[in-house]
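Below is one structure, written out as structure tokens; comments come after it.
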Amino acid sequence: MSMEITAKRLQQLRERKGWSKTFVAKKIGLKNMATYANYEYGKRQPDHEILVKIAELYEVSIDYLLGRSDNEKLTEEQQLQIDDRTRKVIETYMKLTEEHQFVMEEMINNLYKIQK
């Protein structure tokens, strides 16, 4: 992966939105703007967790951010490619009542917090 490509794309995406580096840093949970600025200057590469947050913020794929694809968005086919285990979990979730779906979401969020 090329830090130069990532840096350039981060800057382009931010400028397209008209956002400051400080705004983006806060939105992705960084304590200071300098860390994010270093991503745009190509001095540091964001870790996986930060890449996910950046991709979600700009609504682009991680592959695009890393220069592995020139398509900002995943194709519909790529978005639908999930493994059988994940598909079964989603199908089961969809069969639950709204109340039980809420309980599941809370459980998942709590497990995620513990995992960090």
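With a cut-off of at least 1 residues that are at pLDDT below 90, hydroxyl-bearing (Ser, Thr, Tyr) and farther than 30 Å from residue 6 by Cβ, name the helices (runs of 4 or more DSSP H) lying wholly within segment 54-116.
Details: elements: 62-66, 76-80, 84-95, 98-115.
Hits in segment 54-116: 84-95.
Within segment 18-53, how many residues turn out to be part of a helix (DSSP H, G or I), under 20 Å from residue 2 (Cα atoms) and not aliphatic (A, V, I, L, M)?
Count: 8.
Kindly indicate the residue of segment 42-58 that is more than 13 Å from the chain's Cα centre (by Cα) and surrounded by 14 or more Cβ atoms within 10 Å (Cβ to Cβ) and also farthest from residue 71 (Cα to Cα) among those meeting that condition. Before the answer, list the steps.
Pass one, segment 42-58, residues more than 13 Å from the chain's Cα centre (by Cα): 42-45.
Okay, now just the ones that are also surrounded by 14 or more Cβ atoms within 10 Å (Cβ to Cβ), so 42, 44-45.
Details: 42: 21, 44: 23, 45: 20 Å.
Out of the qualifying residues, it is 44.
The values are calculated or read from the model by the stated rules, or taken from the named source; none is laboratory data. Just so it is clear, the structure is predicted and the values come from calculations on it, not from any experiment. Every residue, glycine as well, gets a Cβ built from its backbone with ideal geometry; the counts of neighbours run over all protein chains shown.
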